[in-house]
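Quick notes on the structure that follows.
The values are calculated or read from the model by the stated rules, or taken from the named source; none is laboratory data. The structure presented is a predicted model; accordingly, all values stated were derived computationally and were not measured. When we count neighbours, we look across all protein chains shown, and the Cβ atoms used for this are built from the backbone with ideal geometry, even at glycine.
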Amino acid sequence: MINHIYNLRKIGCLSIFLLFSSIAWAQSGFKLKVDGEVEQPLALSLSDLAKMERKDAIMKDKAGNSHTFNGVPLAAILARAGVPSGKALHGSENLSKYVLVKCADGYQVLFALAELDSSVQDKNVIIADLIDGKPLLKEKGPLRIVAEGEKKTARSSYQVTSLIIGSIKK
């Protein structure tokens, strides 16, 4: 009986290891693209993102349960790409700029640069790769944008693939 329980534990541990290994292997070639009106276009791997500044964001699911997401502040990614922020953001040309978030399934959401800038408002928006300390599920990852504090989670989208910076032209 003890050997049977021991073998079941070994199989369980092996299964968990294989699950996380297969998720990591499937996502190893993934790159988050940052393009458009940027000084420096980017293609960030998951390991690149893991080395950047990290922040938590709390969001409730449809059942009302709170979850803690962890990832890179969107503003930090935009700064690395040379997108205007702070005083450089102010002025009609830069205040008409936006970030279009594209997802693998074709879903897209839009954020004004001003709403992401700490000199304008205190909005916590991250590109998350962890939920409650664990990697996002394959069908919801490898990355999710999380806009903490929004009443509806419509802009907190799954399977983020790219960030396109643009502006409204006259």
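Worth pointing out:
- Yes/no for Ile131 being surrounded by fewer than 20 Cβ atoms within 10 Å (Cβ to Cβ) and among the β-branched types (Val, Ile, Thr): no
- Of the strands (runs of 3 or more DSSP E) contained entirely in region 39-150, those carrying at least 3 residues that are farther than 25 Å from Gly29 by Cα fall at 55-60, 66-73, 108-112.
- So Val146, is it among the aliphatic types (A, V, I, L, M) and within 17 Å of Glu53 (Cβ to Cβ): yes
- For region 65-93, a residue qualifies if it is closer than 18 Å to Asp35 by Cβ and free of Cβ contacts under 8 Å to residues at least 40 places away in the same chain, and the qualifying residues are Ala76, Ala79, Pro84, Ser85.
- Selection count where residues are farther than 16 Å from His90 by Cα and either within 10 Å of the chain's Cα centre (by Cα) or among the hydrophobic types (A, V, I, L, M, F, W, C) (or both), scope region 112-144: 13
- Residue pairs whose Cβ atoms lie under 8 Å apart, separated by 6 or more positions or on different chains, with the first residue in region 109-123 and farther than 14 Å from Gly166 by Cβ and the second of a type in the set (Lys, Arg) and at pLDDT below 85, are Ser119/Lys87.
- If you go through region 82-98 and keep only what is among the hydrophobic types (A, V, I, L, M, F, W, C) and surrounded by fewer than 19 Cβ atoms within 10 Å (Cβ to Cβ), you end up with Ala88, Leu89, Leu95.
- The residue of region 38-56 that is nearest to Phe69 (Cα to Cα), among those that are out of contact with any Ser or Thr (no Cβ under 6 Å at 6 or more places or on another chain) and among the acidic types (Asp, Glu), is Glu53.
- Lys97 vs. criteria touching a Pro at 6+ places or on another chain (Cβ under 9 Å) and of a type outside the set (Phe, Trp, Tyr): yes
- Within region 49-64, being of a type in the set (A, V, I, L, M) and touching a residue at least 40 places away in the same chain (Cβ under 8 Å) holds for Leu49, Ala50, Ala57, Ile58, Met59.
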